[in-house]
Each structure stands twice: as C-alpha cells, then as structure tokens.
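Below is one structure, written out as structure tokens; comments come after it.
No lab work stands behind these numbers, since they all come straight from the coordinates. What you see is a predicted model, and the numbers here were worked out from it, not measured in a lab. All Cβ positions, even for glycine, are placed from backbone atoms using ideal geometry, and neighbour counts span all protein chains on display.
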Amino acid sequence: MRSGVCVDCASRLEPVIILKRPMSNALPPTQLSVVTLKRGESDRIVAGHPWVYDGTIASVRPRPADGDAVWVRDVKGRQLGTGLWNSKSKILVRVLAAEKVEINTAFFTDRIQSALTLRRRALPATNSFRVVNAEGDFLSGLIVDKYEDVLVLQTSALGMDQRKHEIVAVLQELFAPRAVVERNDISSRRLEGLPEQVGVLAGALAGPVTVTLNGLRFAVDPLGGHKTGLYLDQQVNQRLVAELIARTPGARVLDAFSFIGGFGLAAAQAGAASVYLLDQSEEALAAARQHAQANGLTDRCSFEAVNVFDWLKARTAVGTNEKLIPPFDAVILDPPSFTRNRAAVPDALRGYKEIHVRALKLVKSGGLLATFCCSHHVDPVTFQDVILSAAFDTRRLLRRVAVFTQAPDHPIIPSIPETEYLKGFAFEVVR
Ligand code: SAH
C-alpha cells in the first residue's frame, strides 16, 4: 500500500488500460480523397475546430464531389479527421470526427445519442429542447429541435443536407416522433449552394404543437415560427429571471423584445402583478397574447407592438423641470443580435448602450435589470462595460446578482469559439 493512501483508493489509482476497439463504423473500406493542410494550419483542427478554409489547404487528391466524405491530414501525413467536402462553400471541409470513420447511419446514431444523453442529464424536466446544436455537438451543419413529439431539422451545410434522409431515419429510430419537419429557410444555405426549403419530411403535422416550458404552455408552429419555433436557448434563463422577480411580490415588469412571451409570462406566473410585453412583431405579440390566455395570465399582461428603441425614448423623455419616476420593479432586455460580423460591433455597442441608458431610467431603486446579448462578437466583459457605462451616465449603481449563459442544450465548446454566443446579467439597481 502507498503511504497515506487507503487500500480502496490505491486500487483506484492502478493505471487503467483501455484497448482501442474499432467503432462499428470505423475504417471505411473505400479510400477517400485526402485533403492535406498547409504547415501550421492543423493545430486548430487538432484542438477540435471543424472548419477547414480554402487558404489552409495544400492539396486535395483526388478531387472529391461536393458532399463527399474526405480525410484531412497535416503535411506530415498525420490523420486529422474525417469531414464533408463542399467546393461551393468558404468552409471547404467540415470535420465531423478526429478518426477515419464512415459518415453513415451508425455514425449519426452514435452522435445524436450522445447529444441526447447530455440533454437528459442537464435538462431532465423538459420534453422540448435542442437535440443537436451543430458544432456544439460535433455535427457541423445540423440542428435538430424537439418540441414534445415533433422534431425540427435544419441542415445548413451541403454534406449534411445530402444525408438528410439518413438523419431523419435515425431520428425516427431514436425518438419515434409524430413528425419530422424541415426548417431550411435560412439565408446561410445560399453560401453552401443550397435552396431554402420548408416542409414535412416524415410523419404528419397539422397545426401548432403545444409545448410546455417552465410550466407554461406555448403553441409553437414548427413550420412558421422564428428560428425553428422558440428561443430554446433562453429556457433556463426565463426560469431564473422569474425566480429573481418573484422576490418582489406584486412586481411591475417590463419585458422588452418579448417575442412570444417567454420571460414576461414566466414572471407573471411567478407572481408579478403586471407585465408589459413589447415586440415589434405583431405576429409574435399575437402569439404572446394567446399564451397569456392559455396560461390564465391575461389579467396581468399588456402587449404593445412597437419598436423598443422608440418606446424607451418616448417613455424616458422629460421636459424641463420634470423628473422621471421609475415605474418598473424589473426590466428585461433580450434584443436580437445587433451584429452580424465583427465590423458591426461598434454600432451594436452604441445600440446596447442606448437601450441600457433608457432602461436604467425606468427601474426603481432596489429593482432588477435582467439583460442579454446573443451576439458571439460581443464578449461578456465588453457587454458588461457597456452596461456600466450606461449606469454611469444615468448615475445608477448596480449590484450584479446573476450571470447567465445559453441553456445546456446549446453546448459551449471553448475550442470552437463560435459555439458561445448568449450571455446575460441580472443587476439589482442599488440606487
Ligand atoms: N425574449 C424572447 C426572445 C427575443 S428575440 C424569448 O425569450 O423568447 C428578439 C425579439 O426582438 C424578436 O421577437 C424580434 O421581433 C424583436 N425585435 C427586434 N428588433 C426590435 C425592435 N427594434 N423593437 C422591438 N422588437 C424588436
């Protein structure tokens, strides 16, 4: 026995040798095209980032057809992974595995099953969640959302799109869904040479699906709603913010950029006396109104289809010798991403600053500001700096009471920075 280590622990310290067994789909019989990367370009791929850009490739032999599986190697001939080729995209290869594997039914079953295990562990109480989130689940180009017994699929890469029906078969096997719907009406498909498409791929779907999130019932239209129907990435935050608001009985709440009411209705359900939901989309607000009704919360909710910037401006305008009395116990800000790319960040920060300056004027002392930023290009430190700058301008003092991130069904892989995008804070406005 090693000194200071008990027998039980010592036995646990024995080295464990795991014999590498080939996976059922390992080592394909056919030879694939080999994509060799330039010197110095392989580290990112070794670290787990799946995108291979044109400028990083030394050679491709023989030339693959678009959508074909390829092997990626470094200049010394070391295997970096198996991916799918698309000459039409800026991302020529999306690496799907670090080994030589066949991208077949067994591969998709394995990947989707481990994605599902992660969700079941992290979100055991919900039947609606993102089953696969592309790079976050090592399946670049594939998103699958689950709304109760309906699955919504999005393929944003050509190689994935070509294997759509194989993926649907795997989903049917794993979930036995009522329907699998395709929501491929995203403009980024054009970058891959793919058309926009919406439709039912398997089963049948008529009308909306009733989805329960945080104990609230929502009617989701998988064929027509924003994103693939709901903002599932805020599912956990909606509950956490509602819990914070519940600490102030009878709170007056502003839910700005409410969409179909995820935050506002959770707050109403948690005990807020009145909730104002604002969104510029009439359609989203009509849905929010229906959801308030379906959950018996209509008496506490008001809805206004407006541009939040204009609304905040009007509500915070004061004449000379007038003083604004903050009306809200809690303000929630969950705007869309103001940045498509890095170049747009300065403008976006001006936008974030403006809404925070105005929102802070509307929160009572001792009240709450819950605020989110879903732009990958704005990191949490920069986002908080903008909020602090707004607090300085309005002479408010903030105590940070919560830090938020995307729900665990949107996994963050730090070596793939693009997988991290949603951040948020809750501040108590001290004075
Ligand atoms: N909080 C929501 C998600 C908000 S998504 C949830 O948890 O489900 C962003 C919303 O902002 C969209 O519904 C969009 O219609 C709305 N929006 C975008 N720009 C806006 C603007 N200037 N004024 C009001 N609403 C806006």
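Between 0 and 90 degrees, the angle of helix 380-393 with respect to the longest Cα principal axis of the chain falls at about 10 degrees. In segment 233-429, the DSSP beta bridges split such that about 40 percent are antiparallel, to the nearest 5.
Could you please report the charge total around LEU201, scoring K, R as +1 and D, E as -1 over all other residues with beta-carbon less than 11 angstrom from its beta-carbon?
Numbers: positive: LYS164, ARG183; negative: GLU182.
Around LEU201, the surrounding residues sum to +1.
Return one number: the angle in degrees, 0 to 90 and rounded to the nearest 10, between the long axis of the Cα atoms of helix 105-122 and the longest principal axis of the Cα atoms of the chain. Taking Cα atoms only, the helix is inclined about 30 degrees.
Going by neighbour counts of Cβ atoms within 10 Å, the residues PHE138, PHE259 line up, fewest first, as PHE138, PHE259.
Taking the longest Cα principal axis of the chain as reference, the axis of helix 164-175 is set at about 70 degrees.
Here's how it looks for ALA97: its modeled amide H is under 5 Å from those of THR82, which are all 5 or more places away or on a different chain.
Averaging the Cα positions of each part gives two centres, and for segment 170-216 and segment 235-269 these lie 28 Å apart. Taking label positions 7 Å along the Cα-Cβ direction at both ALA106 and ALA65, the computed distance is 2.4 nm, reported to one decimal.
Expressed as a whole percent, the proportion of Cα-Cα pairs in segment 181-287 lying more than 19 Å apart is 52%. Taking the number of Cβ atoms within 10 Å of each Cβ as an exposure proxy, the fewest-first ranking of ARG111, ARG217, ARG78 is ARG78, ARG217, ARG111. Counting only Cβ charges, +1 for Lys and Arg and -1 for Asp and Glu, the dipole size of segment 33-97 around its Cα centre is about 140 debye. When the chain is treated as a GNM with alpha-carbon contacts under 10 Å, the residue of ALA407, ALA204, ALA98 showing the greatest mean-square fluctuation is ALA204. Computed extension length for ILE412-GLU166: 85.9 nm, one decimal, from 0.36 nm per residue of separation with the Cα-Cα distance subtracted. Farthest towards the positive end of the charge dipole of the chain, among the residues GLN162, TRP71, LEU388, is the Cα of LEU388, using unit charges on the Cβ of Lys, Arg, Asp and Glu. Taking other C-beta atoms within 10 Å as the exposure proxy, GLU354, GLU322 rank GLU322, GLU354 from fewest upward. Modelled label positions at ALA204 and THR394, each set 7 Å beyond Cα in the direction of Cβ, lie 5.3 nm from each other. With only the Cα atoms considered, segment 233-429 has a convex hull volume of 120 Å³ per residue.
Remark: for residue pairs LYS38/LYS90; LYS76/LYS100; LYS313/LYS364; LYS164/LYS423; LYS100/LYS164; LYS38/LYS100, the C-alpha separation exceeds 25 Å in LYS164/LYS423. Each of ASP347 and SER188 was given a label point 7 Å from its Cα along the Cα-to-Cβ line. The distance between the two points is 2.0 nm.
Checking the a/c ratio against 1.5 first, then a/b against b/c, what shape does the Cα gyration tensor give for segment 143-186?
Details: a/c = 2.73, a/b = 1.41, b/c = 1.93.
Oblate.
Where in segment 300-339 does the amide nitrogen come within less than 18 Å of the point 7 Å from the Cα of GLU354, taken along Cα to Cβ? Answer for segment 300-339: 306-318, 333-339.
Report the antiparallel proportion of the DSSP beta bridges in the chain as a percent, rounded to a multiple of 5. Intermediate results must be reported in sequence, preceding the final value.
On the way: 51 of 78 bridges.
Of the beta bridges lying entirely in the chain, close to 65 percent run antiparallel.
Divide the volume of the convex hull around the Cα atoms of the chain by the residue count and you get 197 Å³ per residue. Extension gain for the segment ASN321 to THR212, taken as residue separation times 0.36 nm less the Cα-Cα distance, is 34.4 nm to one decimal. Directionally averaged projected area (segment 33-97, Cα convex hull): 3.6 nm².
In terms of the Cα gyration tensor, with a ≥ b ≥ c the square roots of its eigenvalues, is segment 238-335 rounded because a/c is under 1.5, prolate because a/b exceeds b/c, or oblate?
On the way: a/c = 2.10, a/b = 1.30, b/c = 1.61.
Oblate, because a/c is 1.5 or more while a/b does not exceed b/c.
Under a Cβ-only charge scheme (Lys and Arg +1, Asp and Glu -1), can you give me the dipole magnitude of the chain about the Cα centre, in debye to the nearest 20? Mind showing how you got there, number by number?
Numbers: 51 positive and 45 negative charges, 212 e Å.
About 1020 debye.
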